[in-house]
1. For the chain, give the percent of accessible area contributed by carbon and sulfur heavy atoms, probe 1.4 Å, rounded to a whole number.
2. How many nm is it between the label spots at Asp157 and Glu223, if each spot is 7 Å from the Cα in line with the beta carbon?
3. Rounded to the nearest 0.05, what FRET efficiency do Leu353 and Asp418 give with R0 = 56 Å and r taken as the Cβ-Cβ distance? Could you check?
4. Using the charge dipole of the chain (Lys, Arg: +1 at Cβ; Asp, Glu: -1 at Cβ; taken about the Cα centre), state which of Leu296, Pro229, Ser74 has its Cα farthest towards the positive end.
5. Give me the accessible area per residue for region 54-179, probe 1.4 Å, as a whole number in Å².
6. Hey, how much of the P(r) for region 306-369 falls beyond 20 Å, as a percent of Cα pairs?
7. When the helix-only estimate is applied to the chain (DSSP H runs of n ≥ 4, each -39,500 (n - 2.57), divided by the residue count), what is the mean residue ellipticity at 222 nm, nearest 500 deg cm²/dmol?
8. In degrees between 0 and 90, to the nearest 10, how far off the longest principal axis of the chain does helix 2-12 point, with axes built from Cα atoms?
Amino acid sequence: MLLPLAIALLVAAPPPQARLEAALREAHAASCPGKPLALDPDLTRAAKRYVDAVHAQASQPDGAALAFYASLESVDPSPTGGVATVDASAQADRAVGDLLPRACRFTHAGVAAADTAGGHGVVAVLTASRSVALQPIAPGGKVAPGAAVRLAGKLLDPALQRLRLYHLISGAKVEEQPIALDGRGFSIDVALNEPGEHALELLADGAGGPEVIALRRVFAGVEPPPSPPVEAADLGEPEHGDALSLVEHRIARLRAAHGLPALARDPALDAISLGHSQEMARAQTFAHVLKSDGSLDDRLLKARYANRYAGENIGLAEDALAAQQAIEESPAHLMNLLDPRHTKLGLGAVTGLTPEGERGVYLTEVLAQPIAGSKDPIADVAQVIADERKRKKLPPLVRDPRLDALALARVRKVAAADGQSADPDLTNDAFEKVPSLTSAVAERLVVGAPEDVKISQDLGVRDWAVLGVGAVYANSKEFGPNRLWVILLYAR
């Protein structure tokens with residue numbers, strides 16, 4: 001009497017892994033003829049952990065939970081996941097083809113299936129497009145505190161340049177380090193001195209601006225989380241307006257946790273953010289730089305948004321909150337969110353087709369510190385120089401109205417020509433106006449605010465005794481709107 005029951009159980013079981021992988025290869029060959037595909041052990045392991053968690057009723061059958069397990073097992077910063085439930089788990093291989101992305105951009109894939117309650121089944125497929133070949137990084141994801149992790153590999157995309165590492169330590173501190181390239185190869189050892197979770201992110205500059213090419217979570221002396229956090233597993237799909245308010249709230253909460261004030265929403269930055277999200281969705285391209293609207297600097301300049309500092313985050317996921325979650329998990333993007341210089345925030349989200357041909361939400365965040373113009377820039381510049389010399393314990397400089405007049409006349413001319421006019425040596429004019437001078441030097445600066453003149457190279461020269469200041473606000477095609485143009489005449 002036991003034999004029929006055993007046969008029934010065998011029939012209900014999901015197909016073996018080899019059959020799932022064969023189905024994946026067949027579906028890929030039919031949909032993407034001639035395109036290479038590698039079955040990746042990390043993506044397979046992530047898919048397997050996910051379906052096992054669903055089988056044990058420890059995880060919900062959704063894409064957010066699958067993304068969580070992928071973040072523990074793989075180096076892909078944003079793999080594409082597909083999940084399906086089937087009436088009979090033995091037929092899971094028939095659903096594999098439906099889970100592949102419509103666009104054939106992926107180069108690696110993993111698949112797994114398991115049965116669920118009532119004889120049903122769940123199947124998961126993870127795909128990724130890799131522009132870097134990496135040696136295994138901390139297999140298993142766990143190391144001892146103080147261990148060194150080696151990041152070594154080769155850039156596969158010839159357009160990628162300027163490789164650097166962002167190291168997030170225990171969710172609080174981000175360190176940036178450039179990585180030298182030997183041809184297209186690289187190797188760097190990273191010490192994980194502090195116990196806790198570390199995120200190692202590789203960024204490179206491509207045709208679309210900076211892009212994350214690898215992201216690895218490593219746990220030093222602590223256990224990886226066993227299951228998705230509630231917040232990551234139940235993001236929901238609210239309307240975009242509501243979602244953006246929740247994104248704003250999450251950013252404020254994140255900054256508060258690090259002792260930083262909330263960012264104020266800025267309608268002008270909202271418009272810039274929304275415009276870029278619309279262009280990404282229209283072009284079906286996820287990038288900071290697009291042919292249609294250029295770089296962030298281009299968009300700020302076109303909007304005539306004067307700023308001292310600005311940064312941009314972009315995310316792409318099934319909804320705006322999931323995109324925000326991915327942004328927060330990226331050390332480089334987290335640095336933008338936690339930059340204390342930023343005071344304003346713009347958000348824009350648009351639904352469209354992803355580069356893989358699936359439906360998704362493009363989220364753009366622009367963070368900035370706008371320029372607040374000085375009512376008396378000449379006086380304010382002179383005061384900054386006086387305060388800085390005092391701080392450096394240097395003799396004060398005496399203002400000379402004749403030098404002030406020379407500097408002001410020259411800076412007006414230069415600013416009006418956007419720096420393109422001839423700029424002859426101003427010191428000859430200084431000697432004519434003030435014959436007692438024995439030495440003089442002129443500096444030209446284009447800055448965001450009076451306090452930025454601290455960068456003046458001659459400010460810290462002890463021998464100078466006299467100062468002339470000229471300063472005006474003017475727009476610039478090169479430097480942006482409402483920039484502060486300054487000419488300083490140091491003399492003795």
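1. Here it works out to 54 percent.
2. The two pseudo-label positions are separated by 3.8 nm.
3. 0.85
4. Farthest towards the positive end: Leu296.
5. In whole numbers, region 54-179 has 44 Å² accessible per residue.
6. For region 306-369, the share of Cα pairs beyond 20 Å comes to 29 percent.
7. The per-residue figure over the chain is -9500 deg cm²/dmol.
8. 30 degrees
The values are calculated or read from the model by the stated rules, or taken from the named source; none is laboratory data. What you see is a predicted model; the values in this text were computed from it and never measured. Every residue, glycine as well, gets a Cβ built from its backbone with ideal geometry; the counts of neighbours run over all protein chains shown. Surface accessibility is based on the protein's heavy atoms, side chains included, excluding ligands, DNA and RNA. Shrake-Rupley method; radii C 1.70, N 1.55, O 1.52, S 1.80 Å.
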